[in-house]
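Student: There's a structure below that I have some questions on.
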Amino acid sequence: MTFGNPWMLLGALGALIPLLVHLFDRRRPRPHPFGPLAFVLRSQKRTASRLKLKRLLLYALRTLILLAIPLALARPEFRSDAAAAQVVKGPAATAIILDASLSMRWSDGTSLFERGRDEARDALKDLLPEEPATVLVCTQSPAAPPPPGFDRGRLRGLVDEAKPTYGAADLSRCMDMAARALEENPMPGKRLVVVSDMTAGAFRLEAPPPTMKGPTGAPVKPEVVLRDAASGRDVLNNHAIVDLKVEPALQAGPRSFQFTFTVRNFGAEAVKDLEATVRVGEQTLAKGFVDVPAGGTTQKALTVRFPQGGTVVGQVSLAPDALAEDDKRAFVLPVPRALKALVVNGAPHATRYRDEAFFVDAALTAPGSPVEVATRDAEVGLREDFSTYDLVLLLNVAAPGADDAKRLADFVENGGGLFISMGDRVNTEEYNERLSGVLPRPLRLVRTSAEREDPEADTKTARLAKVSVEHVLFSPFTGRAEEGLIGARFFKYMLLEADNPRSPGASQVLATYEDGAPAVAVMRKGKGRVALFTSTVDRDWSDFAIRTSFLPLMQRFAAYLTGSLEEREEIRVRVGEGATLRPEGTQKVSAVRAPDGSEVPVKEQPDGSLVAGPVTEPGAYSVLGADGKLMPALSFAASLDPSESDLSRVPQDTLTAYFGEDTVKASSGDTDKPAVPLWTWLILAACLAFFFEGTLLRK
């Protein structure tokens, strides 16, 4: 047995008072023979035993009253000898460390964090009045704890206001911070109270245990009290989405995507028929079921076809378990909108494969393409109302008249996309005169690198030498995909001037031939974009049209020129990290809002990019422009760190060996405490003794 206030035991000496009164109150009778009293003496003998019993009861009750009260004030508590030996002798400066990591959100009706807060409150109650204390809420980026003090109300407020986070918590680092805070206190005894679920990810057992400077300056180990918020559970079962990939599903049609998410079971039991869904808002777009073996990993793929284009914000989710936060993952997906393209065929041909527009039409109408194509010859196509289309493609078209050229320029100014390819019907002087406003660079002349009939054509033909794969247009063509570009042979191509005198510096060359001549030049004009391909899109000047890269490149040309091609790299950010945003052109970001509506701090970088965060919760983050409107192209989703979903617990013996058996004191919380403390029963016994004493005195 141990005592919370051992000096109160001095009051137990008061139990000697009834004994002393009993001893000093005894009188020795003197014999005085008196006849009339003989009758009384005979009666007294009959009641002597009863009176003696009453006096003994009064003595026992009074002794119990005077003994129970000081014992209750001393707050006795039954503990094992080993546990009692581990208690620090005398008062100690104490730091209470409360784990606020994601794993503490695990709940079986009551979350581990709520239980942890109760444990922290109990730890504060157990402190002696002369013991200073501090509280450290351990998060991914913990703040230094306040100096140890005696303001229990302030410390309880810190515990009450603490909230669980969505990130990991490094308890080893938090214990070091708490140890530094206790070093400044002159009290020789030091104690660290760790309130946690004791999961493996919370401790760095490869690092040395915390120490602090002793009175002589030598490092000493503090007493470590482990309070288990999980109440000694062997396993905390949990499954989680640990990865998500979203890829176009061309085989399912336009605007179709395949969602492949990896599910891992961290528990000891297999999971059967686990429901998996893809949702946008309250609408379920796809549903499936998955089985995951105990401790295993499974992938599930669901295909979704979106009815229209635009930026879609949604989430994939599993049937929730005790840790529901890692059973869902948000996504921000740019879905291509339907595009209307006008293909102006400058050189129609009765034989389909020799037709100027044959390969372009096949590429833009391939399965999965969002482009709706209308093909016209030059005479009819140039009379079309361009404003009803998103994209106009001039394929080996003779220079249009002045009125048609002006309408094309207005079409681009208002946000339309224009693609121009070369051919035998392109007159350089007429193009430079009539289309100078929309040409990225003026045309110069046609260069022939080799004739098709030349036996050495394979070695003489020009090939692409430099491609700007960092640009969004060519970004997919890396690795093996690059072979479809550099393997193409170009027999003829148009040479360009250095720059457009009407728009100097506006053009950009994205691909060149081996001699440095431009192959692809682009520019912005007003709200629209123009791309100039210096060879043909049929097989007259090159064999590029039959290369594997031609189809995807034409589709990307269509998306890029209409502004629907996703031009930012996918932003992958985890909770606790910052998201790098790269606004395009003159775009200005006024705010970044978290899923709960709070504003995320944004810091501008020297290169013009912005860093939002660190983000503190998972989900979709919205970005607002200078006008207060959403900027969907910059929106992003934050995910959880999968390592925090692993709730494997560190065995008690391992922690005891790590911290040192002479310093560790385990406390399993309320399960080790009696429902009613012993001192409460002592007070009740004293009250009952007082009642019975009064009853005996009245008789």
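Each value in this text was obtained by applying a stated rule to the coordinates, not by laboratory testing. If you're wondering where the values come from, they're calculated on a predicted model, not measured in any experiment. Quick reminder, even Gly has a Cβ in these numbers, built from the backbone with ideal geometry, and neighbours come from all protein chains shown.
Student: Pull out a ≥ b ≥ c, the square roots of the eigenvalues of the alpha-carbon gyration tensor of the stretch 435-553, then state rounded if a/c is under 1.5, prolate if not and a/b is larger than b/c, and oblate in the remaining case.
Tutor: oblate
Student: If a/c stays under 1.5 just call it rounded; otherwise compare a/b with b/c (prolate if a/b is bigger, oblate if not). Do that for the stretch 340-561, with a ≥ b ≥ c from the square roots of the Cα gyration tensor eigenvalues.
Tutor: Because its axes are fairly even, with a/c under 1.5, the stretch 340-561 counts as rounded.
Student: For V135, list long-range residues whose amide hydrogen, built 1.01 Å from N in the peptide plane, is under 5 Å from its own amide hydrogen.
Tutor: I96
Student: Right, next: In the structure displayed, which of K245/K527; K125/K163; K300/K328; K328/K603 lie more than 25 Å apart, Cα to Cα?
Tutor: Too far apart for the 25 Å limit: K245/K527; K328/K603.
Student: Also, quick follow-up: If you stretched the chain out fully between K629 and S648, how much longer would it get, using 0.36 nm times the residue separation minus the C-alpha to C-alpha distance?
Tutor: 2.4 nm
Student: Right, here's the next one. At a 4.7 angstrom Cβ threshold, list every cysteine in the chain that has nobody to pair with, or say none.
Tutor: C687
Student: Using alpha-carbon positions, what is the distance between the centroids of the stretch 577-631 and the stretch 158-225, in Å?
Tutor: Cα centroid of the stretch 577-631 versus Cα centroid of the stretch 158-225: 36 Å apart.
Student: If we sort 544-554, 179-189, 632-642 on the protection proxy, mean other Cβ atoms within 10 Å, highest first, what's the order?
Tutor: Result, highest mean first: 632-642, 544-554, 179-189.
Student: Could I have the simple spin-label model distance between I17 and Q605, label points 7 Å from Cα toward Cβ, reported in nm to one decimal?
Tutor: 7.9
Student: With a cut-off of 8 Å between alpha carbons and a minimum separation of six or more residues, what is the relative contact order of the chain in percent?
Tutor: It comes to 14 percent, rounded to a whole number.
Student: Stretch R444-E456 to full length: gain in nm at 0.36 nm per residue minus the Cα-Cα span?
Tutor: 1.7 nm
Student: Please give, to one decimal in nm, the separation of the simple spin-label points placed at A324 and T211, each 7 Å out from Cα toward the Cβ.
Tutor: In this crude spin-label approximation the distance works out to 4.7 nm.
Student: On a full-extension model of 0.36 nm per residue, what is the gain between E372 and E433, subtracting their alpha-carbon distance, rounded to one decimal in nm?
Tutor: In short, 18.8 nm is gained.
Student: Compute the distribution of all C-alpha to C-alpha distances in the stretch 572-639, in bins of 5 Å from 0, and list the percent of pairs in each, rounded to whole numbers.
Tutor: Histogramming the stretch 572-639 at 5 Å steps yields 4, 19, 33, 27, 13, 4 percent.
Student: With θ taken as phi - 60° and the coefficients 6.51, -1.76 and 1.60, list the Karplus ³J(HN,Hα) couplings across the stretch 270-286 in order, rounded to whole Hz; mark glycine and proline as x.
Tutor: Once rounded to whole Hz, the list reads 5, 10, 10, 6, 7, 6, 10, 9, 10, 10, 10, x, 8, 8, 8, 8, 7.
Student: Pull up all non-local amide H partners of V664: gap of 5 or more, or a different chain, and H-to-H distance under 5 Å with H placed in the peptide plane.
Tutor: For V664, the qualifying residues are V224.
Student: With each pseudo-label sitting 7 Å past Cα toward Cβ, what's the V472-E514 distance in nm, one decimal?
Tutor: So the two model labels end up 3.4 nm from each other.
Student: Name the residues of the stretch 527-554 whose amide N is less than 16 Å from a point 7 angstrom out from the Cα of E482 along the C-beta direction?
Tutor: 549
Student: Per residue Cα convex hull volume for the chain, in cubic angstrom?
Tutor: Residue-normalised Cα hull volume stands at 238 Å³.
Student: Quick one: what are the phi-derived ³J(HN,Hα) couplings along the stretch 471-488, Karplus 6.51/-1.76/1.60 with θ = phi - 60°, whole Hz, x for glycine and proline?
Tutor: Values, residue by residue: 7, 4, 5, 10, 4, x, 8, 10, x, 5, 5, 6, 4, x, 8, 6, x, 5 Hz.
Student: Which whole number in µm²/s is D for the stretch 239-336 by Stokes-Einstein, with the Kirkwood Rh taken over Cα pairs at 37 °C and 0.692 mPa s?
Tutor: Calculated translational D: 238 µm²/s.
Student: Also, quick follow-up: Using Cα-Cα distances under 8 Å and only pairs 6 or more residues apart, what relative contact order does the stretch 572-639 have, in percent?
Tutor: Relative contact order, the stretch 572-639: 39 percent.
Student: Would you grab the residues whose amide H sits under 5 Å from the one on T303? Only those 5+ places off in sequence or on another chain, please, with H modelled 1.01 Å from N.
Tutor: Under 5 Å from the amide H of T303 lie the amide H atoms of F259, each far enough along the sequence or on another chain.
Student: Same structure again: Between helix 550-561 and the chain, what is the angle of the helix's C-alpha long axis to the longest principal axis, kept within 0 to 90° and rounded to the nearest 10?
Tutor: 80
Student: Classify the stretch 97-175 from the C-alpha gyration tensor, please: rounded if a/c falls under 1.5, else prolate or oblate depending on whether a/b exceeds b/c.
Tutor: It comes out oblate by the Cα gyration axes.
Student: Mind checking which lysines have their Cα closer than 19 Å to the Cα of K492? Skip sequence neighbours fewer than 8 apart in that chain.
Tutor: K460, K466
Student: Would you please give the FRET efficiency between D403 and K527, computed as 1/(1 + (r/R0)^6) with r the Cβ-Cβ distance and R0 = 22 Å, to the nearest 0.05?
Tutor: Working from the Cβ atoms, E equals 0.55.
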